[in-house]
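**Q** Got a structure here, written out as structure tokens. Questions coming.
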Protein chains: 2
Amino acid sequence: MNEGGRVARHTARDLRSENRFEVLHALFDLGPSSRQELARHTGLSQATVTTLVGEFLSEGVLTIAARERTGVGRPYDRLAIDPGRGRIVGVDVAETYVVAVVHDLALGVLGEGEVALDEHENGQGYVVDGIVTAIARAVEAGGTTRERIDGVGVSMPGHVHPGAGVSVFAPNWDWHDVRIEELLAARLELPVHVDNPLKAVTLSEMWFGAGRAVDSMAVVNLGTGVGAGIALNGSLIRGTTNNAGEWGHTLLELDGRPCRCGRRGCVEAYVGAAGLETTLAALAPDHPALGLGGQREFVAAVAEGLLAGDPAVAELLARTARFLAAALGDLVNLLNVPTVTLTGWMSRALADWLVPAVRAELPRHVLPGSLPGLRVQASPVPGNAVALGMAAFTLEQFLARLGLASPARARAQ
Amino acid sequence: MNEGGRVARHTARDLRSENRFEVLHALFDLGPSSRQELARHTGLSQATVTTLVGEFLSEGVLTIAARERTGVGRPYDRLAIDPGRGRIVGVDVAETYVVAVVHDLALGVLGEGEVALDEHENGQGYVVDGIVTAIARAVEAGGTTRERIDGVGVSMPGHVHPGAGVSVFAPNWDWHDVRIEELLAARLELPVHVDNPLKAVTLSEMWFGAGRAVDSMAVVNLGTGVGAGIALNGSLIRGTTNNAGEWGHTLLELDGRPCRCGRRGCVEAYVGAAGLETTLAALAPDHPALGLGGQREFVAAVAEGLLAGDPAVAELLARTARFLAAALGDLVNLLNVPTVTLTGWMSRALADWLVPAVRAELPRHVLPGSLPGLRVQASPVPGNAVALGMAAFTLEQFLARLGLASPARARAQ
């Protein structure tokens, strides 16, 4: 179907670059595959696949995993991404921790390093030191060296605008226009790519999660901060200043609870970790889960309370599910996406209770025309989805750099 | 910049179809143009433009408006859409009226026909009769005949799902799965294409309004119903069941005013025409603007009150602007669009007061990273934007039918 007013301007160069990623995605989806299987899966012509595979092989990105023969036919190659070609680091910087993960080129996890951050101390030097230390630990755990790393992708909370000089504006940290990409590249002596966790979790969902079955979705991140990564028709929605997805700062209640963004009544003030503390404090001011010091300890205590059948915590979960269903209803009514996944550290801790409770509430908030077939689920992406998504972005950048080495050939096709 | 995870699958056929529309859009933007100007404006190669123009000329869609010569060079043609090639009807069906507009093939307005609908009487036969009568009036006013009409595009309020058998679900009318496209095609004996006003206003904004300068925007429709058409990166966002854009049914206030969709606290209950009646009734229960009978009469009385400096009506406008700014803030925070236009009959009546008041409130609701460069304005699209958008969809369908007549040639390229 033609989409009215579409003004996509594709040059042969753009298409070629997209086709590269399609072949790569197909290998992630299918595992080791023949050229014919790749052509069938991507919808590209056999000739295009053969050309792209030839380039990938000469760059060492692909390897021939096996040579097979069916019946009396000619032998054919089964191709795979060469995991040994290089190393990619993905880093998830949150208010309470840094997690760095070393991946091989097939985005398999080799090793992880973690540093706890005090959510009340967020100076630049403190955070940069945490990132560098977490990466060093991950490199050691992964049994690799800095020299083998092709690139580092770092997710920073807040507003990250790679196009405008990789500056960070994180409202809760009071960082303004910090050139974190340059700071880190100088410290690490490696190519560094900085983006926002909403974009990272969406990319990992598209490559390794719900996106394997659908091409439009919202990926809802619940933690200290709250937001929704959005993919529509296979494209990640960034917005004009890479600030799309701030669903945590849409209204649940005009003039409601104060939000740390300065507005009142935002979704984050109800379904972020601090929002749950506020809800429980109103229900049971003396509850022992309150006043444990950190948000992660609080959420762990909530999960324990749910397991133990604590009635105040059960009521907290019911209210939170109602808030979350209302806010997800808004997202679905506006975007009519078929799939919503929940991700982030708080989702992982509470999904077993939260997902069924939200599903039960949701029909009260979604328009009848958008409800049939709607799926709400915990994200199936394994491991740290932010670090994985940042590794996937960094892999794309690495492949793009390889592609840029031969612009004449690319233009020739 | 590569967008992570993009899985667009373009065949030569798709690209060709998109390229056709690009040439057409360029002619709408530029007016009569040479092949060279079209190539420069679209970014397509001169050879592609020459091929497409050749086909358009042989189909009679384009005409040579002038033959010119610069200096000593070869003469060149200035091409234009041939307005005389056919007639396209766009129809805007709302709760309170039907407006039908006859356009020439260059989407110039030839004639208009209107029928008032009683917002309390919305049986199928009553509405279908209204549509047929409005079209007959428009055809007469446009000095044309049914035989010259290439297609009819009809916008219906509610959920219109063209892919699933052109059924309509309009909650306020209590219509369920009405096959209006078939009903109308049988009555009119013409090709009929039905869609939703949010999609229609967005297409007309993309072709003839703010979309001439930006390729991402929200087009906010204010009337009896309220919604937002969304275009991102040049694509109209439809959602999985063509139900995207139901911003009117996102929350302003959890458990707030009852909304006719069955939920409480929806944006529509505050900034739709009935929402303004509710707000004024709370401020000044005996105000003469209330109880005039129809929503259009009420809004006209509000506009008169604003002109006359009526303090209750001024307070109504201030509260409405605050509600609207909060709800637009949500839209901008989620999608990070650079442009929001206001359209619809209520916007047209109140824009002179509403737009500046909303602009003043908006910084309180938009995240700092999404505020710079944000434009909020009344839609610059002339005339009935719903009817124009439906005519543009119908023109696309007409061109697609022409294209389908020669699939072998299309595949050959």
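The values are calculated or read from the model by the stated rules, or taken from the named source; none is laboratory data. Keep in mind that this is a model prediction, so the values were computed, not measured. So basically every Cβ, Gly included, is an ideal-geometry build from the backbone, and we count neighbours across all protein chains shown.
**Q** Is at least one residue of the range B:188-198 at pLDDT 95 or above and facing chain A (nearest Cβ under 9 Å)?
**A** no
**Q** Read through the list (1) crowded, with 21+ Cβ neighbours inside 10 Å; (2) at pLDDT 90 or above, then give the number of the only condition that B:Glu181 fails.
**A** (2)
**Q** Right, something else. Counting only residues that are within 23 Å of the chain's Cα centre (by Cα) and in a helix (DSSP H, G or I), which one in the range A:113-128 is farthest from A:Ala94 (Cα to Cα)?
**A** Per the criteria, the residue is A:Val128.
**Q** Is one or more of the residues making up the range A:35-53 away from chain B (no Cβ under 14 Å) and in contact (Cβ under 8 Å) with a residue 60 or more places away in the chain?
**A** yes
**Q** Can you name the residue in the range A:304-344 that is crowded, with 22+ Cβ neighbours inside 10 Å and over 27 Å from the mean Cα position of the chain (by Cα) and is also farthest from A:Ile237 (Cα to Cα) among such residues?
**A** Only one residue fits best here, namely A:Val313.
**Q** Sticking with this structure for a sec: Check B:Ala391, B:Ala357 and return the single one that is more than 12 Å from every other protein chain (Cβ to nearest Cβ) and either more than 30 Å from A:Leu198 (Cα to Cα) or outside any helix (DSSP H, G or I) (or both). Can you show your working first?
**A** Values: B:Ala391 fails: more than 12 Å from every other protein chain (Cβ to nearest Cβ).
Just one listed residue meets the conditions, B:Ala357.
**Q** Just a yes or no: is a residue in the range B:55-73 under 22 Å from B:Met156 (Cα atoms) and not in a loop (DSSP other than H, G, I, E, B)? Working first, answer last.
**A** Of the residues in the range B:55-73, the ones under 22 Å from B:Met156 (Cα atoms) are none.
The answer is no, given that none of the residues of the range B:55-73 is under 22 Å from B:Met156 (Cα atoms) and not in a loop (DSSP other than H, G, I, E, B).
**Q** Restricted to the range A:259-274, and to residues that are within 13 Å of chain B (Cβ to nearest Cβ) and not in a loop (DSSP other than H, G, I, E, B), which residue is farthest from the chain's Cα centre (by Cα)? Can you show your working first?
**A** Of all residues in the range A:259-274, those within 13 Å of chain B (Cβ to nearest Cβ) come to A:259-271.
When the remaining residues are screened for being not in a loop (DSSP other than H, G, I, E, B), the result is A:264, A:266, A:268-271.
Values: A:Arg264: 27, A:Cys266: 22, A:Glu268: 18, A:Ala269: 22, A:Tyr270: 22, A:Val271: 19 Å.
Restricting to residues being within 13 Å of chain B (Cβ to nearest Cβ) and not in a loop (DSSP other than H, G, I, E, B), the top hit is A:Arg264.
**Q** Filter the range A:96-105 for residues that are touching an Asp or Glu at 6+ places or on another chain (Cβ under 8 Å) and surrounded by fewer than 21 Cβ atoms within 10 Å (Cβ to Cβ); which is farthest from A:Glu55 (Cα to Cα)?
**A** If we filter the range A:96-105 for residues that are touching an Asp or Glu at 6+ places or on another chain (Cβ under 8 Å), which is where we start, we get A:96-102, A:105.
Then keep just the ones that are surrounded by fewer than 21 Cβ atoms within 10 Å (Cβ to Cβ); that gives A:96-97.
Details: A:Thr96: 43, A:Tyr97: 40 Å.
Once the filter is applied, the top-ranked residue is A:Thr96.
Quick grid of which residues meet (1) of a type outside the set (A, V, I, L, M, F, W, C); (2) within 10 Å of chain A (Cβ to nearest Cβ):
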{"residue": "B:Trp207", "(1), (2)": "no, yes"}
{"residue": "B:Arg212", "(1), (2)": "yes, no"}
{"residue": "B:Asn221", "(1), (2)": "yes, no"}
{"residue": "B:Gly227", "(1), (2)": "yes, yes"}
{"residue": "B:Ala231", "(1), (2)": "no, yes"}
{"residue": "B:Gly234", "(1), (2)": "yes, yes"}
{"residue": "B:Arg238", "(1), (2)": "yes, yes"}
{"residue": "B:Asn243", "(1), (2)": "yes, yes"}
{"residue": "B:Gly248", "(1), (2)": "yes, yes"}
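**Q** What strands (runs of 3 or more DSSP E) completely inside the range B:186-250 contain at least 1 residues that are over 30 Å from B:Leu317 (Cα atoms)?
**A** Working: elements: B:192-195, B:217-222, B:226-232.
By residue number, B:192-195, B:226-232.
**Q** So, in the range B:63-83, how many residues would count as being touching a residue at least 24 places away in the same chain (Cβ under 8 Å) and of a type in the set (Lys, Arg)?
**A** Total satisfying the criteria: 1.
**Q** I want to confirm something. Restricting to the range A:228-239 and keeping residues that are touching a helix residue (DSSP H, G or I) at 6+ places or on another chain (Cβ under 8 Å) and on the phi < 0 side of the Ramachandran plot, which single residue is surrounded by the fewest Cβ atoms within 10 Å (Cβ to Cβ)? Give the derivation first.
**A** Narrowing the range A:228-239 to residues touching a helix residue (DSSP H, G or I) at 6+ places or on another chain (Cβ under 8 Å): A:228-232, A:234, A:236-239.
Filter once more, so that each one left must be on the phi < 0 side of the Ramachandran plot: A:228-232, A:236-238.
Values: A:Ala228: 29, A:Gly229: 30, A:Ile230: 29, A:Ala231: 27, A:Leu232: 23, A:Leu236: 25, A:Ile237: 27, A:Arg238: 27.
Filtering the range A:228-239 for residues that are touching a helix residue (DSSP H, G or I) at 6+ places or on another chain (Cβ under 8 Å) and on the phi < 0 side of the Ramachandran plot, the one surrounded by the fewest Cβ atoms within 10 Å (Cβ to Cβ) comes out as A:Leu232.
**Q** Please identify the pairs in which a residue from the range B:134-146 that is without any contact (Cβ under 8 Å) to a residue 12 or more places away in the chain has its Cβ atom under 8 Å from the Cβ atom of a residue that is aliphatic (A, V, I, L, M) and in a helix (DSSP H, G or I), counting only partners at least 6 apart or on another chain.
**A** Hits for this filter: B:Thr145/B:Val139.
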